[in-house]
Structure formats: structure tokens, C-alpha cells
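Here is the structure we will look at, set down as C-alpha cells.
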Amino acid sequence: MDTLKIGELAAQADCPVETIRYYEKEALLPEPTRSSSNYRLYGERHVERLQFIRHCRSLDMTLDEVRELLRLRDAPEQNCGEVNALLDKHIGHVAQRIVQLQALQEQLHQLRAQCEVEQPARDCGILQGLASLPDEMKPANLGSHGGGCH
């Protein structure tokens, strides 16, 4: 029976209300039933699905990847080969991101080395370096493998 209001679902899943509404809009969560007062009412299936989504997101999976995993999860008799392939592809994205983050770390170390002592900001090598990074030192887009930006 669907008895949880959206705030209760949010508290139980440790998820902001706005995120729940967004997942509903994106059709990741099934539409809730409505009370006679038109409040959204959620049940255990919503809690479980929201926890699944949140776990996927904590692993840096895109909404498209989550959507695909939910589709496969909703077809329990289907072979899990597609799940394996999706996860293998995601692991590849994570490996690529790690390489990019290591390059970023090296760039930050190089930048930090430009200012070894405290001095007036006008003479700070870091600030000067940030204003004129050569192309080879400019960081790559390190957003999610979906091409995002922080």
C-alpha cells in the first residue's frame, strides 16, 4: 500500500525532494498514486527503486545508464549480458577519467611550484600562471563521461 508522502520518501532514501520529482519527470520512478487531497503517495517499490537509482548515481553512472539498468532490472528473465556490457563500458569511462584526473593533479603540482614563498599577490606565480596557461597545460574536460561540466 502506498502511504509515504514525498517528504517521508525523501527522508527514508536520504534524497532531496527535488531530486525525487526530477526522477519522476525523467520517468525513472513510477508515477505515485495520489491521495484524496492530491498528495503524492509512495510505497516500498518506490523506496527500493529510488535506492537503486541513488546507488547507481553514487557510482557516477549517467541517467541514461541508470535508465538502461532499470529497464533490464524490470525484465528479470532476460539475460544479464547487457548489464555486464554496460558496466564494462562504464569501467572504461572511469579508467579514462582517472587518467585525466592524474594529468590534472600533475598540472596543479606544476602550478603550485610557481609560487614557493608568500609574497604580494601581484607577484604570485600561481595567479600569473592561471592567467596564461599554455594550451598543453590546459586541463581536459573532466566532467562526467556524459560530457558534463562542474
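The values are calculated or read from the model by the stated rules, or taken from the named source; none is laboratory data. On a predicted model such as this, the values are computed, not experimentally measured, just so you know. Virtual Cβ from ideal backbone geometry, glycine too; neighbours counted across all protein chains shown. Protein only, heavy atoms only, side chains kept; ligands, DNA and RNA dropped before computing areas. Shrake-Rupley method; radii C 1.70, N 1.55, O 1.52, S 1.80 Å.
Tabulated results
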{"quantity": "Lys5 versus Val117: modelled label distance in nm, points set 7 Å from Cα along the beta carbon direction", "calculated": "6.4"}
{"quantity": "The chain, accessible area per residue, ligands and nucleic acids excluded (1.4 Å, Å²)", "calculated": "68"}
{"quantity": "Built amide H within the under 5 Å cut-off of Tyr42, gap 5+", "calculated": "Thr3, Leu4, Lys5"}
{"quantity": "Check: the chain dipole with +1 on Lys, Arg Cβ and -1 on Asp, Glu Cβ, in debye", "calculated": "360"}
{"quantity": "19 Å tail of the calculated P(r), region 52-135, as % of Cα pairs", "calculated": "59"}
{"quantity": "Theoretical ellipticity at 222 nm over the chain - DSSP helices of four or more residues, -39500 (n - 2.57) apiece, nearest 500", "calculated": "-17500 deg cm²/dmol"}
{"quantity": "Length-normalised contact order for region 1-50 - Cα pairs under 8 Å, 6+ apart - percent", "calculated": "48"}
{"quantity": "Region 16-24 - phi-based ³J(HN,Hα) in whole Hz, Karplus 6.51/-1.76/1.60, Gly and Pro as x", "calculated": "x, 4, 4, 5, 4, 4, 5, 5, 5"}
{"quantity": "Stokes-Einstein D for region 1-110, Kirkwood Rh over Cα pairs, 37 °C, 0.692 mPa s (µm²/s)", "calculated": "205"}
{"quantity": "Accessible carbon and sulfur surface of the chain relative to its total accessible area, %, 1.4 Å", "calculated": "53"}
{"quantity": "Under 5 Å, built H, 5+ apart or other chain: amide partners of Cys15", "calculated": "none"}
{"quantity": "Charge dipole of region 1-88 about the Cα centre (unit charges at C-beta), most positive-ward option of Val66, Gly7, Cys80", "calculated": "Gly7"}
